[in-house]
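*Asks:* Here it is: the structure, laid out below.
The values are calculated or read from the model by the stated rules, or taken from the named source; none is laboratory data. Keep in mind the model is a prediction, meaning the values are calculated, not measured. Here the Cβ positions follow ideal geometry from the backbone for every residue, glycine too, while neighbour counts run over all protein chains shown. What goes into the accessible areas is simple: the full protein's heavy atoms, side chains included, and nothing from ligands, DNA or RNA. Shrake-Rupley method; radii C 1.70, N 1.55, O 1.52, S 1.80 Å.
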Amino acid sequence: MGAPRTLRPLVAESWQRSARVDPDGLPALALDHDQLDDARRHGPLAVLLPVVRRLLLDETRSADCVVAVGDAHGRLVWVDGARSARRAAEDMGFVPGADWAEDRVGTSAPGTALRIDRPVQIRSEEHYANAVKPWSCSAVPVHDGAGTVVGVLDVTGDDRAVERHTLPLLTATVAAAQAEIALAELRPARRGAAVRTPDAELHLLGTDIATLHLGDRAVRLSARHSEILAVLAANPSGLAAEDLAHAVYGDAGALVTLRAEIVRLRRVLTAAAPGVTLASRPYRLSGLRTDVDGVLSALDRGARLQAVDRYAGPVLPGSAAPGVDALRDEVRG
């Protein structure tokens, strides 16, 4: 398949590199659930994701686009954004786990940005694969502190995905994330080699009292601690004290009560799960996954039967906390 003469040089060169790709093909799923979960929780992409959620997700949804993060090989690790756009994107295989490397699907913003290691915008007809031609996309590669490419940030949608302000917005988000990645790389060196602790998982589905599983141990939590952890786990970028108080108590002014409960919760976590950190300003969890994550991750990948199989019941069904109620409705829906 030859590249038309009307294509921009950058795109024409990509089409030439894509000559062996089937233009009628769709990307293959290259990452399973455990590999996706690992990429989201460990390494540079785990640092990148909270920054993307904080700086880019709301604007992407309002523009009826999707935002995606891929690894250094072009495999999508996370996809979010406007619900209608996400559902439409599934038809072309734009889902977590899919391989969008240039040598797999041809010219696209994420794959080509990784191939040439520079920001790229690809308009509809510039895509090589026919299924992608209704879409436009912008992407920026992500580097670690040593300058090595570790991933890619992409926005995909209609013509709004390639508006003049889109690429600067992506570039600024990546710059913020790269600074966080560089800092994260320095911390272990300052502390020395860290002792690995077992992964902690919080079970919230189908029970009024959450259970914290750590290796072969299980710790039952109080109802209030269950609610606090459920809300914070659902907000990985963190919550201000007033927002957390409202989500747990329904009263943004219940700060004294909240802080006292946080102190008690930290003692429980220190004793039961030293690898789990509860930071302040904002309140934010790290080192903890939940059974809710498994359900939502399966939905993100389009594995609906697997999601139903993992769904053990409503999130903390006996809780009346506003934040838990919202999470419960989201997962049930």
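*Asks:* How much length is gained if the chain between Ala184 and Arg304 is pulled fully straight, taking 0.36 nm per residue apart and subtracting their Cα-Cα distance, in nm to one decimal?
*Replies:* Contour length minus Cα-Cα distance gives 39.7 nm.
*Asks:* Roughly how tilted is helix 223-233, in degrees to the nearest 10 and between 0 and 90, from the longest Cα axis of the chain?
*Replies:* Tilt relative to the chain: about 20 degrees.
*Asks:* Can you find, among Leu258, Gly25, Val140, the residue farthest towards the positive end of the dipole of the chain? Put +1 on the C-beta of Lys and Arg, -1 on that of Asp and Glu.
*Replies:* Leu258
*Asks:* Name the residues whose placed amide hydrogens come within less than 5 Å of the amide hydrogen of Val150, ignoring near sequence neighbours (fewer than 5 apart) on the same chain.
*Replies:* Val142, His143, Asp144
*Asks:* Additional query: What FRET efficiency comes out for Val263 versus Arg332 if R0 is 25 angstrom and r is the Cβ-Cβ distance? Round to the nearest 0.05.
*Replies:* Working: r = 32 Å, r/R0 = 1.30.
About 0.15, to the nearest 0.05.
*Asks:* Rounded to the nearest 10 degrees, what's the angle between the helix 322-332 long axis and the longest principal axis of the chain, both from Cα atoms, 0 to 90?
*Replies:* Rounded to the nearest ten degrees, it is 50.
*Asks:* Place +1 on the Cβ of every Lys and Arg and -1 on the Cβ of every Asp and Glu in the chain, take the dipole about the Cα centre, and give the residue among Ala223, Leu153, Thr290 whose Cα lies farthest towards its positive end.
*Replies:* Ala223
*Asks:* Tell me, what is the 1.4 Å probe accessible area of His127, in Å² to the nearest 10?
*Replies:* Result for His127: roughly 0 Å² accessible.
*Asks:* Only Cα pairs under 8 Å and at least 6 apart count here; give the relative contact order of the range 209-333 as a rounded whole percent.
*Replies:* Values: 151 pairs, mean separation 32.1, N = 125.
Computed over the range 209-333, the figure is 26 percent.
*Asks:* Further, regarding this structure: Return one whole number: the accessible area per residue of the chain in Å², for a 1.4 Å probe. It would help to have the intermediate numbers written out before the result.
*Replies:* Working: 15910 Å² over 333 residues.
Per residue, the chain has an accessible area of 48 Å².
*Asks:* Which residues' amide hydrogens lie under 5 Å from the amide hydrogen of Gly275, considering only partners 5 or more residues apart or on another chain, with H built in the peptide plane?
*Replies:* It is none; the list stays empty.
*Asks:* So, one more: For the chain, give the magnitude of the charge dipole about the Cα centre (Cβ charges: +1 Lys/Arg, -1 Asp/Glu; no others), in debye to the nearest 20. Can you show the working numbers first?
*Replies:* Details: 39 positive and 43 negative charges, 170 e Å.
Computed about the Cα centre, the dipole is about 820 debye.
*Asks:* Applying the Karplus parametrisation 6.51 cos²θ - 1.76 cosθ + 1.60 with θ = phi - 60° to the phi angles of the range 67-75, what ³J(HN,Hα) value in whole Hz is obtained for each residue in order, glycine and proline being reported as x?
*Replies:* Once θ is set to phi - 60°, the couplings for the range 67-75 become 10, 9, 10, x, 7, 5, 9, x, 8 Hz.
*Asks:* Okay, moving on. Carbon and sulfur together cover what percent of the accessible area of the chain at a 1.4 Å probe radius? Kindly include the intermediate steps, with their values, before the conclusion.
*Replies:* Details: 7990 of 15910 Å².
Carbon plus sulfur share of accessible area: 50 percent.
*Asks:* Give me the percent relative contact order of the range 146-297, please, defined on Cα pairs under 8 angstrom at least 6 residues apart.
*Replies:* Details: 153 pairs, mean separation 32.4, N = 152.
Reported relative contact order: 21 percent.
*Asks:* Please state the relative contact order of the chain as a whole percent: Cα pairs under 8 Å, 6+ residues apart?
*Replies:* On the way: 636 pairs, mean separation 48.5, N = 333.
Across the chain, relative contact order equals 15 percent.
*Asks:* How large is the helix-only mean residue ellipticity at 222 nm for the chain, computed as the sum of -39500 (n - 2.57) over DSSP H runs with n ≥ 4, divided by its residue count, in deg cm²/dmol to the nearest 500?
*Replies:* Details: 14 runs with 148 residues, N = 333.
Value at 222 nm, helices only, nearest 500: -13500 deg cm²/dmol.
*Asks:* Choose one of His165, Ala321, Gly97: the residue whose Cα lies farthest towards the positive end of the charge dipole of the chain (beta-carbon charges +1 Lys, Arg; -1 Asp, Glu; about the Cα centre).
*Replies:* Of the listed residues, the answer is Ala321.
*Asks:* Let me ask something else. Roughly how many nanometres apart are two label points built 7 Å out from the Cα toward the Cβ at Asp103 and Glu13?
*Replies:* Result for the modelled spin labels: 1.8 nm.
*Asks:* Nearest 10 degrees, 0 to 90: what angle lies between the long axis of helix 255-272 and the longest principal axis of the chain (Cα atoms)?
*Replies:* It works out to around 80 degrees.
*Asks:* Residue separation times 0.36 nm, minus the C-alpha to C-alpha distance between Leu255 and Ser124: what's the value?
*Replies:* On the way: separation 131, 0.36 × 131 = 47.16 nm, distance 5.03 nm.
Stretched fully, the Leu255-Ser124 segment lengthens by 42.1 nm.
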